Amino acid sequence: MSISHSSSLAFGKQGRVQKVVANYIEFSQYPECDIYQYDVTVRPERGDFKKLPSPAYMRSVFDAAMREFRQTKLQGIPMVYDLRKIAYAPKRVCGPKEVLELELDYSEDGRKIKYTIRLQEAAVVNTSILTAFMEGKGNISIGDIQAAVNALDLAIGSVLHLEMVGFNRSFFTRAQSITTAGGLELWRGFSFSVRPGIGRLYLNVNTAVTAMYTPGSLLDSLMSILGVNDPSKLRGRLSAQMLREMGSFLRGLIMYMQHRGLQGKRKFTVRGTTTKALDEESFEWEDPEKPGSAVTVAVAQYYQRRYNFKLSYPFLPGLIGRSNSAFPIEFCTIAENQRFKSHLDERQTADMVKFACQKPADNMRRIMDVLQQTNLGKSPVVQAFGLALPNKLIEVESRVLAPPNVTYGNASRDMSFTPQGGAWNMRDKQVHTAGVPLNYWAVLVLASRNYVSESSVQNFVTTLVNTCATTGYTINDTRPPIVYSNANADVAQMMAQACRSIKLRPNAAPQLLLVILSSTNTQVYQSVKNYAYTKLGIHTQCMQSKHAQRPNMQYCANLCLKINAKMGGINQSLTLSHMEEMLHKKPTLFMGCDVTHPAPGEQYKPSIASVVGSTDLLGSRYVATLIQLPSRQEMVDKMQEAFVRHLRLFFKSTRMKPQRIIFYRNGVSESQFAQVRDRELIEIQRACAAVEKGYKPEITFLAVLKRHNTRLFPIGRDGDRTGNLIPGTVVDKSVTMPGMVDFYLFAHAAIQGTSRPTHYYVLHDDAKFSADEIQRLTYHLCYTYAICTRSVSLVPPVYYAHRVAVRARCHLVDMGCSFEEASTETGGYYGGAGTAIGRAAATAGGATAAKIIKISSFLDESQYFS
């Protein structure tokens, strides 16, 4: 990387120094020797697998072979397996050019299957490379140490698998679980991973929560999903939506089928459901008692004739397994230890958040408890790999940075003040800069008049207007049209009707629809946003009906912040003098980028990247550019085109060319840092040259990671009221990455649970910021997020980029807008009416070309995502 920890500027010095506890254990010993890597081929007697079985099954087969051959062919040498095709051993189990074959009779559910497991040496991993990497010696990248780290991870994991259910580096137990809706359970567990630090090797241990299928009766789970207590109530009432919900829940699930006519249990994986009920779904069947004569029978009829078993619920569909066999739901049970990988619904998510939310002290105590219980350092396998570790978390040095001054409008009682504890309120404050006054707007109520009366809506509007006036934003039309509909109506049609109800002057356009929702139904919310962005080109502000019934000034003030930002205003900012001091008086363009990917199973839907850029000298106003990418691609194509746009918008707004670009790139794993940095840095430089020949602003490129397992805990009374570290706490030593300038930052005040710091890595820096400067700048920017009166956990350019990307996916992909036409004859919108990307992408295996997604010209240069 372009900056290393050997630099005198690599560590910060500013701030109050204090010790904190990290969820890391320092290895007191780790191997500096050879570990042997083997290719593993598991082959059944009947021929090669077309597709490898589940990791759990592969582990069971491999472990059985290890038990049988450990003391004979394996010479007492333990092996650890990645459950796919690689295994590691601390000593050589066969010669470099030899193949070791283990023939195993494996028993499952009363059936014996013969397997041949072939082991062949693939590489020799010298773990001394870890020491060189941690000490910053040589040109060693993260990828170079991955094999050594994987081997040690698997050695640790092999111990945990004995007592817990493992998925990659996470391990869970049903002993600590709760039941949630929809046939699911929530399990507690832990994640374990070997992490190199500066001069030290650590084991990172964190608490974890996951959703699991409830084992047992499939019928009970489906009743929970469909919200009925008696299967008979589904007779003739299974809608297409219900079938989709069932299919989504079942696909890929491992089942056991058993009934009194079948010997033993039959195991199968669900491929889908039949399109008809089992008393209607038919097939050609040759009765064993009448050989040579095939007849057409319904599946329900088959079970009665073949097994003398009359189905209790023949009106239900069946499950489709291998060879298109159909199985009755009432005979099926869900196998144990299966992880739910799809999206949780609203209730399940709420249960997950509540279940996962633990105070920092409780989290740390649970980590210590599992360390004592597992006692990893005493494991023979761990010791065989040369590892030794105590059951003790480490302490590291942190610093607490001072918060910035935040400034509001001139009419505020405290125009500039220093927030304490990462939060403040709008009392006696006015917005920094008011946006365009609200002259043409309407209220759309998606609830009945009996529930939300027109008088209560008008009363709320009056409170909102008055609150906005107090807050410094002007709403001129104090009695906008109020249009009623319901959530089941054609939302797009009702929004268009609401817009038509606005009395416009010639050449004027509607500015805003305030949409009052009867519930938190995400599909209705998505419909509103989708139509506003793709058709109407109008800002929307959604709210729940309960707030309209009881107008509250604080709630109205929060709405005012969102509306003002949408209308071009600035709610709060850092002081100009402070920004100039941090940026050395150089006009600076702040950029953020994030990429969202389709959910598991959405094979042909595209990934979406969002790039946001500031348009003012305070880093307070942002606009967004959306880019459609091939499915699951992390590298952002069209970056040059996006950057050209943002350079021009910055110049258009400030009449200055940025002398500095600070680019925060979210969502890139450590192993991809060099690739993403090199590629996207070139794109940025090309964009600058495209704007003006010879134009070379200073570029600072930072990677941002929010999804990691590092947690830091205060010691004694150093924390805040929630027991978390206070805003401004930064850690840039010990547990950070060797050979890089990186730091963990707590920028926000936690509301509940255990805070997660954001991890920032400086991958390139033309500006030559000191560690103190980049840490303080990043922290202080977290006080400028437009729509709340508190510092946020993620630097705003990335926060906005993530918000835009997630919203674009939900409104454009899930709602079925056509990406394929997004940049053609659509009049400047995302896309016209049409089918979602799917079959068009399928022709190329989902690899659609990248393209800029254009939005309405009315919203294009606004902060519509606020």
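Read the figures in this text as sums done on the coordinates, not as results from a lab. All figures in this text were calculated on a predicted structure; none of them were measured in a lab. Note that each Cβ is placed from the backbone with ideal geometry, even for glycine, and that neighbours are counted across all protein chains shown.
Taking chymotrypsin sites (Phe, Trp or Tyr not before Pro) in DSSP loop conformation with at most 15 other Cβ atoms inside 10 Å as exposed sites, the chain has its longest uninterrupted site-free stretch at 50-450.
For Cα pairs less than 8 Å apart in space and 6+ apart in sequence, what is the mean separation divided by the residue count of the chain, i.e. the relative contact order in percent?
Values: 1826 pairs, mean separation 121.6, N = 866.
The value is 14 percent.
Under 17 Å Cα-Cα from LYS562, which lysines qualify once same-chain neighbours fewer than 8 residues away are excluded? Counting by Cα, and skipping residues close in sequence, LYS562 has these lysines nearby: LYS429, LYS529. In nm, to one decimal, how far is the ALA599 label point from the ARG550 one, both placed 7 Å along Cα→Cβ? In this crude label model, ALA599 to ARG550 measures out at 3.3 nm. Close amide H contacts of CYS542 (hydrogens built in the peptide plane, cut-off under 5 Å, sequence separation of 5 or more or a different chain): VAL515. Residue pairs exceeding 21 angstrom between C-alpha atoms, taken from LYS652/LYS693; LYS696/LYS854; LYS585/LYS696; LYS13/LYS696; LYS112/LYS265: LYS696/LYS854; LYS13/LYS696. Straight-line reach from LYS359: taking Cα to Cα under 13 Å and skipping same-chain neighbours fewer than 8 places apart, the aspartates and glutamates in range are ASP720.
Taking 21 Å as the straight-line reach from the Cα of LYS276, the lysines in range (excluding those fewer than 8 positions away in the same chain) are LYS233, LYS310.
Placing +1 on each Lys and Arg Cβ and -1 on each Asp and Glu Cβ, with no other charges, gives region 216-334 a dipole about its Cα centre of roughly 260 debye.
Scan region 251-311 for GluC sites (Glu not before Pro) in coil per DSSP, keeping those whose Cβ has at most 13 other Cβ atoms within 10 Å, and list them by number.
Values: sites: GLU280, GLU281, GLU284, GLU286, GLU289; in loops: GLU280, GLU281, GLU289.
Listed in order of number, the matching sites are GLU289.
Listed here are the pairs LYS51/LYS85; LYS73/LYS97; LYS605/LYS851; LYS605/LYS638; LYS137/LYS378; LYS19/LYS137; which of them are more than 21 Å apart at the Cα? Show your work: numbers first, answer last.
Numbers: LYS51/LYS85 12 Å; LYS73/LYS97 16 Å; LYS605/LYS851 14 Å; LYS605/LYS638 18 Å; LYS137/LYS378 32 Å; LYS19/LYS137 28 Å.
Violating the 21 Å limit, Cα to Cα: LYS137/LYS378; LYS19/LYS137.
Under the combined filter of DSSP loop state and at most 10 neighbouring Cβ atoms within 10 Å, region 653-722 retains these trypsin sites (Lys or Arg not before Pro): ARG655, LYS693, ARG707, ARG717, ARG721.
Each of CYS593, ILE320, THR463 was placed along the dipole of the chain (beta-carbon charges, centred on the mean Cα), and the one lying farthest toward the positive end is THR463. Pairs of Cα atoms nearer than 8 Å and 6+ residues apart set the relative contact order; for region 374-486 it is 23 percent.
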